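To start, the structure under review is shown below, and the notes come after it.
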Amino acid sequence: MIDKKMEDALNNQINEELFSAYLYFAMAADFEHKNWLGMANWMKIQAQEEMAHALKLYNWINERGGKAEFQAIKMPQSNWDSPLAAFKEAYGHEQHITSCIYDLVKTARNTGDIATEIFLQWFVTEQVEEESNASAIVDQIEKVQESTNAMVMLDKELGFRTLATPVQVSGE
Ligand code: OFO
């Protein structure tokens, strides 16, 4: 049976992941509205990955004898001044999620929940990729933002992103 403190912390993380999905859907909608269709595609894929992260946590909590619970999701902002502003915020948000995951690992250690600590390793590794992806796009936009042609090319490239590897959502 999962420790109540661990269960609550994992439930809070479900909320963080669903807020991440909201945030990225809001960014996608803003990009779409402004005809940055490739960037909108990238954000929609990102949002779907976040929902899969929430489901992975949901399955784990239930598998460990706890109960997944749902809290109100904060309203994200709906407008960003530029693609750079949106991707910078996405990068900052991923750094915040990494610190949430590290706190979860500490809670798992403090409650002696080795199984959950091992389960969380997947998220630790995933966050390395999440930060690196967002940071790389910030870097690319900073390099080319003065050129409309280059921004259009970058937008096209981001349009090729697909949900290639379905996230394994079982608790294991
Ligand atoms: Fe963007 O990361 Fe979830 O966990």
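The values are calculated or read from the model by the stated rules, or taken from the named source; none is laboratory data. Every value quoted in this text rests on a predicted model; they were computed, and no experiment measured them. So basically every Cβ, Gly included, is an ideal-geometry build from the backbone, and we count neighbours across all protein chains shown. SASA here: full protein model, heavy atoms, side chains in, ligands and nucleic acids out. Shrake-Rupley method; radii C 1.70, N 1.55, O 1.52, S 1.80 Å.
A few notes on this one:
- Residues of the stretch 62-95 satisfying the condition of being open to solvent by less than 90 Å² (accessible area, probe 1.4 Å), in a helix (DSSP H, G or I) and more than 15 Å from the ligand (Cβ to nearest atom): Asn62, Pro83, Leu84, Ala85
- Looking only at the stretch 96-124, and only at residues there that are of a type in the set (S, T, N, Q) and within 14 Å of Gln13 (Cβ to Cβ), the one that is nearest to the ligand (Cβ to nearest atom): Thr98
- Given (1) away from the ligand (no atom under 14 Å from the Cβ); (2) buried (at least 21 other Cβ atoms within 10 Å of the Cβ), index of the condition Glu50 fails: (1)
- Within the stretch 130-163, the set of residues being outside any helix (DSSP H, G or I) and within 16 Å of the ligand (Cβ to nearest atom) comprises Arg161, Leu163.
- Boolean, Lys5 is among the basic types (Lys, Arg), closer than 19 Å to Phe119 by Cα, open to solvent by less than 60 Å² (accessible area, probe 1.4 Å) and part of a helix (DSSP H, G or I): no
- Checking Gln127 against (1) within 13 Å of the ligand (Cβ to nearest atom); (2) within 30 Å of Trp36 (Cβ to Cβ); (3) open to solvent by 20 Å² or more (accessible area, probe 1.4 Å), the condition it does not meet: (3)
- One residue from Leu18, Leu37, Leu10 being within 14 Å of the ligand (Cβ to nearest atom) and over 17 Å from Glu130 (Cα atoms): Leu10
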